[in-house]
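The values are calculated or read from the model by the stated rules, or taken from the named source; none is laboratory data. All values reported here derive from a predicted model rather than from experimental measurement. No Cβ is skipped: glycine too gets one built from the backbone with ideal geometry, and neighbour counts run over all protein chains shown.
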């Protein structure tokens, strides 16, 4: 049986193209499972997984929980807001206390970049990074690529433009790594203040004009402005941002071709995209959510099969 080259999923830059192909082949099988009347398989009945979220999350946490339950794993979920972390307990103590309950895998979201690495080096469990600060969000990038592959028949040679708050986005960074690894071309578009200076060193071109970016691309991934990470004003007002970088139906319909519209959620409707774009035929936002469960099932299953060896 083919297996992943890694024991943890810490970020896209630590896996290879063969890993991505294997995850997608496995996700194809699980997508068929979750569309059956009985949506469960007994694959991980002997595995216990802890979901540890130090940052608020609705969709990612629910998607991971559902993926784990579809695989019949035992699941414990932990939210830092209601925990002893508030009383000063360290990350390692928190996790070691959970691992002493005989947990095999930890899915963690944390506001500090590198937290998943730190954990992987210090505890004896398989770690899945569900987002670490503005660093990486590997399963989101995988489900985005999986959705492009499903819609366009593959990722290689496709042109993807990522629009919005690139500077604070772990989704953007993971997507750039994943798309380039699969042979896609990536450009970014957004206010100059929200484009990191190092971006061109990653082989990514900056296109400041939204219309030009959309005319170039096959896919537009519209990112949310991360107001919770903005410590200063990076642009004059939300209204001005929406006028320059927001996608409405009029702009979408005026393009000389049909492009696919993606969004990692949650959507600020009327800011980065209008409701009629989010709900249009070209939007694959709900497909991304469905594919997220299948892709996360694949990641968990493949990592768990290495634990069992």
TODO: Take the stretch 116-135 and flag every residue that is farther than 12 Å from residue 52 by Cα and either assigned to a helix (DSSP H, G or I) or without any contact (Cβ under 8 Å) to a residue 12 or more places away in the chain (or both).
DONE: 117, 118, 120, 121, 122
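Each row is one residue, and each column tells you yes or no for (1) in contact with a helix residue (DSSP H, G or I) (Cβ under 9 Å, 6 or more places away or on another chain); (2) in the same structural domain as residue 133 (by TED's automatic domain parsing); (3) part of a helix (DSSP H, G or I); (4) without any contact (Cβ under 8 Å) to a residue 24 or more places away in the chain.
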position	(1), (2), (3), (4)
3	yes, no, no, no
18	no, yes, yes, yes
22	yes, yes, yes, no
26	yes, yes, yes, no
33	yes, yes, yes, no
37	no, yes, no, yes
40	yes, yes, no, no
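For residue 221, indicate whether it is outside any helix (DSSP H, G or I) and crowded, with 18+ Cβ neighbours inside 10 Å. Break it down stepwise before answering.
Numbers: outside any helix (DSSP H, G or I): yes; crowded, with 18+ Cβ neighbours inside 10 Å: yes.
Here the answer is yes, as residue 221 does meet what is asked.
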Open item on the list: When you scan the stretch 148-156, do you find a residue that is touching a helix residue (DSSP H, G or I) at 6+ places or on another chain (Cβ under 6 Å) and either outside the structural domain of residue 264 (by TED's automatic domain parsing) or not in a loop (DSSP other than H, G, I, E, B) (or both), even just one?
Closed with: no
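How about the stretch 196-216: which of its residues are under 20 Å from residue 12 (Cβ atoms) and not in a helix (DSSP H, G or I)?
First, the residues of the stretch 196-216 that are under 20 Å from residue 12 (Cβ atoms): 196, 198-205.
Result: 196, 203, 204, 205.
Go through the stretch 100-115 residue by residue and tally those that are surrounded by fewer than 18 Cβ atoms within 10 Å (Cβ to Cβ) and either in a helix (DSSP H, G or I) or on the phi < 0 side of the Ramachandran plot (or both). Step through it out loud before you land on a result.
To start, the set of residues in the stretch 100-115 that are surrounded by fewer than 18 Cβ atoms within 10 Å (Cβ to Cβ) comprises 100-102, 111-114.
Remaining after also requiring either in a helix (DSSP H, G or I) or on the phi < 0 side of the Ramachandran plot (or both): 100-101, 111-113.
Adding up the residues that qualify gives 5.
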TODO: Restricting attention to the stretch 174-194, report how many residues are crowded, with 18+ Cβ neighbours inside 10 Å, over 15 Å from residue 220 (Cα atoms) and at pLDDT 95 or above.
DONE: 5
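Residues that are closer than 23 Å to residue 70 by Cβ, in contact (Cβ under 8 Å) with a residue 40 or more places away in the chain and more than 18 Å from the chain's Cα centre (by Cα): which helices (runs of 4 or more DSSP H) entirely in the stretch 249-309 hold 1 or more of them? Talk me through it step by step, then tell me what you get.
Numbers: elements: 249-254, 275-278, 285-307.
Of the helices (runs of 4 or more DSSP H) lying wholly inside the stretch 249-309, those with at least 1 residues that are closer than 23 Å to residue 70 by Cβ, in contact (Cβ under 8 Å) with a residue 40 or more places away in the chain and more than 18 Å from the chain's Cα centre (by Cα) span 285-307.
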